[in-house]
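Below is one structure, written out as structure tokens; the observations come after it.
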Amino acid sequence: MLYGARSSSVPMAGTEMDLVTLGRGTQHLVIIPGLGDGLKTVKRMAATLAVLYRAYAKDHRISVFSRKNRLEDGYSTRQMAADLRVGMDTIGITRAHVLGVSQGGMIAQFLAIDHPEVVDRLVIGVSVAQPNATVQEVIGGWITMAERGDYRGLTIDSMEKTYPERKVKRYRPLYPLLTRVGRPASLRRFTIQARSCVAHDAADELSSISTRTLVIGDDDDRVVGRGTSEELAELIPGSSLYLTTGLGHAAFQERVFNEQVLRFLRS
């Protein structure tokens with residue numbers, strides 16, 4: 001498969017954690033995906049992720065970790081970071097560059113705070129340090145939809161909020177199809193992860209991060225709100241900040257995002 005991508009899983013206490021590995025480099029890069037993991041883990045997504053992360057595959061040996069398969073109520077971003085540390089250790093990653101996007105960026109914060117020995121360089125993309133009104137409104141709305149089983153509404157609203165208008169125009173004709181396929185058997189996993197986003201608060205501890213850090217966001221993010229990347233960069237000592245323009249919360253899927261991340265990791 002492209003860049004040697006393959007799916008596997010690692011055992012956790014009473015469950016497993018799905019992951020995809022790919023790449024030809026020697027430097028480890030751990031990628032932590034966002035809240036979409038609540039609807040679908042990386043299992044059977046090796047080909048898709050190989051294309052999405054191909055820019056990193058030459059320099060790095062990439063491991064994309066889902067959250068564990070069986071989630072308990074109240075599962076927090078800090079606990080997710082602790083379990084990720086176990087997953088890294090299980091497959092022999094003692095130190096790595098870490099890239100977390102959206103909820104993955106929240107998990108990456110606690111990984112760097114609680115387990116700094118495993119983080120070589122840190123990239124936090126389109127994420128937040130603490131709850132704000134936008135996160136409460138947007139993700140809180142998704143929680144309400146999930147709780148009432150409204151997968152169609154959840155799918156459409158997440159697309160409308162995540163992507164810039166020029167892309168949403170292309171996706172809207174596909175909504176009837178997108179809202180019928182890929183529905184998980186239960187939305188409980190999504191709800192647990194979404195609640196952890198609303199409750200995430202690392203602001204008072206970010207000053208302890210000594211890892212070289214890049215914070216990257218967009219100037220028109222309608223999921224986590226404007227100014228959140230600037231706040232993160234101010235709270236993490238010595239961090240660098242880069243803002244894209246007009247790409248929205250999906251900035252991490254764009255070439256300019258990958259170019260900035262690679263420049264930082266190679267520097």
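Work out, in µm²/s and without decimals, the Stokes-Einstein translational diffusion coefficient of the stretch 109-163 at 4 °C, 1.567 mPa s, Rh from Kirkwood over C-alpha pairs.
96
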Q) For LYS43, which aspartates and glutamates qualify as cross-link partners when the Cα separation must be under 18 Å and same-chain residues fewer than eight apart are set aside? A) GLU16, ASP18, ASP83
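Which GluC sites (Glu not before Pro) in the stretch 187-240 pass both tests, a DSSP loop state and at most 11 other beta-carbon atoms within 10 Å? List each step's numbers first, then the result.
Working: sites: GLU205, GLU230, GLU231, GLU234; in loops: none.
When the GluC sites (Glu not before Pro) of the stretch 187-240 are filtered for loop state and at most 11 Cβ neighbours within 10 Å, nothing remains.
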**Q.** Spatial separation of Cα centroids for the stretch 238-262 and the stretch 65-104, in angstrom
**A.** 22
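Quick one: of the DSSP bridges fully inside the chain, what percent are antiparallel, nearest 5? Could the numbers behind the result be given before it?
Values: 12 of 36 bridges.
Roughly 35 percent of the DSSP beta bridges within the chain come out antiparallel.
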Q) In nm, what is the difference between 0.36 nm times the number of residues separating SER207 and MET12 and their Cα-Cα distance? A) 67.1 nm
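What FRET efficiency comes out for ARG24 versus ARG183 if R0 is 45 angstrom and r is the Cβ-Cβ distance? Round to the nearest 0.05.
Numbers: r = 36 Å, r/R0 = 0.79.
Given R0 = 45 Å and the Cβ-Cβ separation, E is 0.80.
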Q.
Residue by residue through the stretch 94-104, what is 3J(HN,Hα) from phi via Karplus (6.51 cos²θ - 1.76 cosθ + 1.60, θ = phi - 60°)? Round to whole Hz and write x for glycine and proline.
A. 8, 7, 7, 5, 10, 10, x, 10, 6, 4, x
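With a ≥ b ≥ c taken as the square roots of the eigenvalues of the C-alpha gyration tensor of the chain, please select rounded if a/c is under 1.5 and otherwise prolate if a/b is larger than b/c or oblate if it is not?
On the way: a/c = 1.27, a/b = 1.16, b/c = 1.09.
Rounded is the answer for the chain, as its axis ratio a/c remains below 1.5.
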Q) By a straight-distance test (C-alpha under 20 Å), which lysines pair with LYS169 as possible cross-link partners, with residues fewer than eight away in the same chain excluded? A) LYS161
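Loop-only check: which trypsin sites (Lys or Arg not before Pro) in the stretch 1-88 are DSSP coil with at most 11 other Cβ within 10 angstrom? Show your work: numbers first, answer last.
On the way: sites: ARG6, ARG24, LYS40, LYS43, ARG44, ARG54, LYS58, ARG61, ARG67, LYS68, ARG70, ARG78, ARG85; in loops: ARG24, LYS40, LYS43, ARG44, LYS58, ARG70.
Listed in order of number, the matching sites are ARG44, LYS58.
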Q: Could you list which residues have their amide H under 5 Å from that of VAL42, counting only those 5 or more apart in sequence or on another chain, with H placed in the peptide plane?
A: SER66
Q: Report, ordered by chain and residue number, the lysines lying within cross-link reach of LYS40, taken as a straight Cα distance under 16 Å and ignoring same-chain residues fewer than 8 apart.
A: LYS68
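Each reported figure results from applying straightforward, stated rules to the coordinates on display, with no laboratory input. Note that the coordinates shown come from a computational prediction; the quantities given were computed from them, not determined experimentally. Neighbour counts run over all protein chains shown; Cβ positions are idealised from the backbone, glycine included.
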